Amino acid sequence: MRVYLDNNATTIVDPHVFSEMEPFFVQKYGNPNSLHAFASETHPALKSAMEKIYAGINAPKEDSVVVTSCATESNNWVLKSVYFEYILTGRKNHIIISEVEHPSVIATAKFIESQGCRVTYLPINSDGLIDAQSVRDNITDKTALVSVMMANNETGAIFPVEEIGAICKEHNVLFHTDAVQAIGKISVNVQAFDVDYLTFSAHKFHGPKGVGALYIKKGKELIPLLHGGSQMGGYRSGTLNVAGIVGMGKAMEGAVDALDFEMHDVRELRDHLEDELLKIEDTFVVTPREKRTPNTLLISFRGIEGESMLWDLNQAGIAASTGSACASEDLESNPVMEAIGAEADLAHTAVRFSLSRYTTQEEIDYTIEVVKKAVKRLREISSSYAYTPKNHESGL
Ligand code: 7TS
């Protein structure tokens, strides 16, 4: 059996998305900006895809949605544009992000910090959550931007973006949110809260890789990301990725249609997995489940290195993760576990299971069985588990 439980890293492309994209490789391959039929025959599909994307986040027509190549690009763009427009010019000198943003925000913030910008990294509490008031406490009249994600990719923790957006508006500070892990899992409505920029990425909601977007509120223009021709309103020049845009449109439509299913059925499967795994002794989950996206479970098994667990799972055909794939090559402890100040022996034990609407009950039951066996096997050979104080005292 092969079980894919790493949907926060990427998702299967919905077959309907794939078939909608297919004609735009070999049949309708014209450059949409050319002046002939090969170009114009791409226009209806592009228009319809963009309408679906706008509808998916409830963006008003006058606002912009610029298609990029990924969320990393969108996140880089916002922070670097703010650097050029506000920091370099001396109008402002400060930005605020959370300490558990995706590396595409943190590394960009560190880069502009190295160029002289002051950066505040907001802490999370022991539940893996952010207190919106901490944003208010850190804003100064020199703050240009606050960037706090809508949902965390490691824990699924949902951050209070409505409150944070309101605080930013009150102080006339730009607000960006990375909604990559929110689309298709919780409602994302740019008119329901004060937000100036919002990032998302098609491959996280059953669309293709290599296509992301940035929503930009009217009046909150950024400097162009790529100077050149006039594509994407001059924000991001370069020949349009027609198949990709068509795919993201279809995937967005699918994400909206499946939202109820995700919030109820996927949640039920996740909860079942969580309930069963928590029955194993010495297991811990950071964020309360009602404060999390419905598909995510980050769980620690005391005494077991996350990577050892992944090995056993992989041997049994199950794909999970110890954290963001973007950071997984350096075998560091999970960044969220570190941020909450988890004891050293727990920081390395977190395993992330992330489900999707394609996950089945059978797959979850199989996973529970495999994890239980793996925990037993790995704890038997774990010197750190054998000598945790509790087990030591009880003579184990
Ligand atoms: N933002 C968040 C919140 C993410 O989770 C990711 C990918 C990105 C940005 C980057 O997206 P991309 O479109 O540039 O690929 N996160 C993960 C993860 O959690 N495991 O692997 C990739």
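Take the Cα of Phe25, step 7 Å toward its Cβ, do the same at Ala39, and the gap between the two points is 2.5 nm. Secondary-structure-derived ellipticity at 222 nm for the chain, considering helices only, amounts to -10500 deg cm²/dmol, per-run term -39500 (n - 2.57) for DSSP H runs with n ≥ 4.
Within the straight-line cut-off of under 19 Å between alpha carbons, the aspartates and glutamates reachable from Lys92 are Glu113, Asp137, Asp141, Glu170, Asp196, Glu221, sequence neighbours fewer than 8 places apart in one chain being disregarded.
Amide H contacts of Gly212: Thr68, Ser69, Cys70, Ala202, each under 5 Å away and 5 or more positions distant or on a separate chain (H built 1.01 Å from N in the peptide plane; Pro and chain starts excluded). The length gained on full extension between Glu338 and Phe261, counted as 0.36 nm times the residue separation minus their Cα-Cα distance, comes to 24.4 nm. Here the Karplus relation 6.51 cos²θ - 1.76 cosθ + 1.60, evaluated at θ = phi - 60°, turns the backbone of the stretch 216-230 into coupling constants of 10, 5, 4, x, 10, 4, 10, 6, x, 6, 10, 6, x, x, 9 Hz, with x for every Gly and Pro.
Across the stretch 292-297, rounded Karplus estimates of 3J(HN,Hα) from the backbone phi angles (6.51 cos²θ - 1.76 cosθ + 1.60, θ = phi - 60°) give 10, 4, x, 9, 10, 9 Hz, Gly and Pro being marked x. Magnitude of the charge dipole for the stretch 145-255, about its Cα centre and with charges confined to Cβ atoms of Lys, Arg (+1) and Asp, Glu (-1), is about 400 debye.
Averaging Cα coordinates gives a centre for the stretch 272-292 and one for the stretch 214-248; these two points are 41 Å apart. For the chain, a/c is not less than 1.5, where a ≥ b ≥ c are the root eigenvalues of the C-alpha gyration tensor, and a/b does not top b/c. That puts it in the oblate class.
Summing charges over all other residues whose Cβ lies under 11 Å from the Cβ of Ala151, with Lys and Arg as +1 and Asp and Glu as -1, gives +2.
Number of Lys-Lys pairs in the stretch 139-262 with C-alpha atoms under 20 Å apart and a separation of 8 or more places or on different chains: 10. Positive-end ranking of Ser354, Leu225, Gln191 along the dipole of the chain, with charges on Cβ about the Cα centre, is headed by Leu225.
Throughout, read-outs are computed from the coordinates displayed, never taken from laboratory work. What you are looking at is a predicted structure, and each value in this text was computed from that prediction instead of being measured. As a convention, Cβ positions derive from the backbone with ideal geometry for all residues, glycine included, and neighbour counts pool all protein chains shown.
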